[in-house]
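The values are calculated or read from the model by the stated rules, or taken from the named source; none is laboratory data. Predicted model only: the values in this text are computed from it and were never measured. All Cβ positions, even for glycine, are placed from backbone atoms using ideal geometry, and neighbour counts span all protein chains on display.
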Amino acid sequence: MEEKYRQQPSNIFKVVLFGPESTGKTTLSKQLARHYNTVWVPEYAREYLQDKWNNKRKTCEPKDLLPIAEGQIRLENELTKKATNILVCDTDLLETKVYSEAYYTGNCNPILEKYALKNSYDLYLLTYTDVPWEADDLRDKPNERERMFSYFKRTLEKYDRNFIILKGNKKKRLQNAIKHIDNLLKG
């Protein structure tokens, strides 16, 4: 049963975009995939929650987190098979864990937590809040991006993840991400 939350083994270099809502993760994911001539893994939660929104059930609830985690890792495992030497992930289960804790009084489903900590990535690109907020149906905390950024950063530090912070405009972020990815790919 729990296997559906586990990464399939691979030799591919995996990069995760990580950070608060509306900080440029999807844009950068697409740019990096294009640059490295590979595929990127979209954020499954957006599709899942947009479906809920469209059906008038507007909010994410704790019971949604395991289906979101399952969908996210399923997409990642499918797209890993199509990737070149690098896979760009718009999110991961650790991000879902952070949102679970931030939105649901520090709680996280034990299965989600287990795989959020067990699944591994080579580099996290933590996106800072210095880009303009873009509202949509699902984004709901424009005034909490700084607080959430700190939470995301503490989480990466707590679990000893390899990460860099990306700041600046789209071009600067892309250049910085490529520089760090290239350095890791070399060696």
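Here are a few things to note about the model shown:
- Against the criterion of being in contact with a Ser or Thr (Cβ under 9 Å, 6 or more places away or on another chain), within 29 Å of residue 146 (Cβ to Cβ), β-branched (Val, Ile, Thr) and not in a helix (DSSP H, G or I), residue 84 does not qualify.
- One residue from 45, 102, 69 being surrounded by fewer than 19 Cβ atoms within 10 Å (Cβ to Cβ), farther than 17 Å from residue 11 by Cα and either in contact (Cβ under 8 Å) with a residue 24 or more places away in the chain or of a type in the set (A, V, I, L, M) (or both): 102
- Some residue of region 132-150 being within 23 Å of residue 13 (Cβ to Cβ) and buried (at least 16 other Cβ atoms within 10 Å of the Cβ): no
- Flag if residue 97 is part of a helix (DSSP H, G or I) and either among the polar types (S, T, N, Q) or surrounded by fewer than 20 Cβ atoms within 10 Å (Cβ to Cβ) (or both): no
- Against the criterion of being surrounded by 16 or more Cβ atoms within 10 Å (Cβ to Cβ), free of Cβ contacts under 8 Å to residues at least 60 places away in the same chain, assigned to a loop (DSSP other than H, G, I, E, B) and in contact with a Leu (Cβ under 8 Å, 6 or more places away or on another chain), residue 91 does not qualify.
- Answer residue from region 31-79, given it is basic (Lys, Arg) and under 30 Å from residue 172 (Cβ atoms) and is modelled with the lowest pLDDT among those: 46
- Hey, residue 74 assigned to a helix (DSSP H, G or I) and in contact (Cβ under 8 Å) with a residue 60 or more places away in the chain or not: yes
- Among residues of region 1-25 that are within 26 Å of residue 182 (Cβ to Cβ), those with a Cβ under 6 angstrom from a residue that is surrounded by fewer than 17 Cβ atoms within 10 Å (Cβ to Cβ) and at pLDDT 95 or above, sequence gap 6+ or separate chain, pair up as 8/77; 13/122; 14/122.
- Applying a threshold of 6 Å to beta carbon distances and a minimum spacing of six or more residues, or different chains, the list of pairs starting in region 166-187 at a residue that is closer than 11 Å to residue 24 by Cβ and in contact (Cβ under 8 Å) with a residue 12 or more places away in the chain and ending at one that is among the charged types (D, E, K, R) and surrounded by 14 or more Cβ atoms within 10 Å (Cβ to Cβ) reads 166/173; 167/130.
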